[in-house]
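Taking it in order: structure first as structure tokens, then the write-up.
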Amino acid sequence: MYQHQTLEQLLGETGIAPPGKLTVMRGDRVRVTIGFNYRGTALSFSFRAAIGNKGYIFDEIAYATKAISLPASADFLGYTSFVDISTAAITPQANLDLYAKLTGLPGADLLTPYYLDVIDVLGAPEFSGFAITDYSKV
């Protein structure tokens with residue numbers, strides 16, 4: 001029996017991810033939080049998250065990094081960490097992609113799936129529906 005995978009599964013891509021689509025103003029910060037379990041020797045490495053465009057490669061427009069150090073443990077322990085990515089360098093645009101990775105590990109880097117079309121960065125403040133709603137004698 002064959003087990004079929006979607007193209008997204010093969011490429012490590014996913015559509016809108018929790019918490020869903022995020023719209024921010026240029027200059028805002030986007031907090032990216034990761035979670036993982038670890039057991040093994042004490043280890044230090046880097047956590048990097050980036051906003052950009054996923055094509056053949058991931059074109060990082062803005063990113064943030066953080067150093068992480070874990071103690072030795074014979075049992076799996078749960079960890080979370082976060083970075084705040086500034087959107088100041090991003091030209092206002094819609095449908096930006098997001099991913100995170102752990103680098104400096106023994107062996108290959110560990111990457112999350114690529115979360116596609118999850119961030120919109122707006123430029124100048126915008127108005128909508130501007131109209132006179134009433135007028136009367138006072």
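The table below gives the values:
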item: Region 32-122: radius of gyration and largest Cα-Cα distance (Dmax), Å; result: 14.6, 47
item: Relative contact order %, the chain, counting alpha carbon pairs below 8 Å whose residues are six or more apart; result: 32
item: Pairwise label distance in nanometres, PHE82 with ASP120, each label 7 Å out on the Cα-Cβ vector; result: 2.3
item: Residues of type lysines that LYS21 reaches as a straight line, Cα spacing below 23 Å, ignoring anything fewer than 8 places off in the same chain; result: LYS54, LYS101
item: Placed amide H near ILE90: partners under 5 Å, 5+ positions off or other chain; result: GLY27
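Read the figures in this text as sums done on the coordinates, not as results from a lab. Keep in mind that what you see is a predicted model, and the values were worked out from it rather than measured. Cβ sites come from the backbone with ideal geometry, for glycine too, and all protein chains shown count toward neighbours.
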